[in-house]
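What follows is a set of notes on a single structure, which appears directly below.
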Amino acid sequence: MKIKTGLFIIFVFCAVVSISAQPKKYQADKEQSFITYKLTHPLHEVEAISHKALCLIYADASKHEILNVLVEVPVSTFDSGNSNRDSHAMEVINAISIPTSKFVSTKVVQNGDSLMVFGKLTFHGVTKDIVLDAFTNWSGDRLIVDGKFEISLTAFKVDRPSLLLIPVNDTLKFTIKQVFDLKLPS
């Protein structure tokens, strides 16, 4: 009888460990996380930030492995510190009729703390393949992902704004920082 009880306890322990080691979905803490964009003109640079992105990952925290990523951000939440400039930016990208941008991963390649996240970005109603380069910092029950990517405005059918008849550079540069509490799967 003691052998059966011991085997049962071992079986239950293995089942609990197996269940807890399964990949889970996590949502980034919006207060600690952000996405920025930088737009460059020969006369100045504009940088805007949003803390309103919904960022979900599917990850195996026990293996420090991210398997899938989804990010969705209301474009009107980017703030450059100049409301007139932000209003004009929202006009240029048709924010009223296309209020969100979305990224869905198709493949995640991980090499230590470095990530290459391949996926589809839908911006200004156009979907294109992009690659996000990122670094992970797994620390106890917390994960921080820092990354960057660039897009071409013309590739996403955005008319480049001009200042003094000189258009902005075609490249729009993004940086991300997403912070996850690994104790709180979604």
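Things to note:
- Within the stretch 1-46, being modelled with pLDDT of 95 or more and either in contact with a Ser or Thr (Cβ under 7 Å, 6 or more places away or on another chain) or on the phi > 0 side of the Ramachandran plot (or both) holds for Lys25, Tyr26, Gln27, Phe34, Ile35, Thr36.
- Within the stretch 26-47, the set of residues being closer than 23 Å to Val104 by Cβ, assigned to a strand (DSSP E or B) and either among the hydroxyl-bearing types (Ser, Thr, Tyr) or more than 11 Å from the chain's Cα centre (by Cα) (or both) comprises Tyr26, Thr36, Tyr37.
- Residue check, Ile57 modelled with pLDDT of 95 or more, out of contact with any Asp or Glu (no Cβ under 9 Å at 6 or more places or on another chain) and buried (at least 17 other Cβ atoms within 10 Å of the Cβ): yes
- Residue that is modelled with the lowest pLDDT [pool: residues in the stretch 146-178 that are aliphatic (A, V, I, L, M) and under 21 Å from Asp129 (Cβ atoms)]: Val158
- All positions within the stretch 154-186 that are farther than 30 Å from Ala61 by Cα and in a strand (DSSP E or B): Ser162, Leu163, Ile166, Pro167, Thr171, Leu172
- Residue check for Val73: among the β-branched types (Val, Ile, Thr), free of Cβ contacts under 8 Å to residues at least 40 places away in the same chain and surrounded by 20 or more Cβ atoms within 10 Å (Cβ to Cβ): yes
- Listing of strands (runs of 3 or more DSSP E) fully contained in the stretch 72-145 that carry 1 or more residues being modelled with pLDDT under 95 and closer than 15 Å to Leu172 by Cβ: none
- Leading residue by the ranking (nearest to Lys177 (Cα to Cα)) among those in the stretch 54-70 that are in contact (Cβ under 8 Å) with a residue 40 or more places away in the chain and among the hydrophobic types (A, V, I, L, M, F, W, C): Cys55
The values are calculated or read from the model by the stated rules, or taken from the named source; none is laboratory data. This one's a predicted model, so the numbers in the text were calculated from it and none came from an experiment. Using ideal geometry, Cβ is built from the backbone for each residue, glycine included, and neighbour counts are taken over all protein chains shown.
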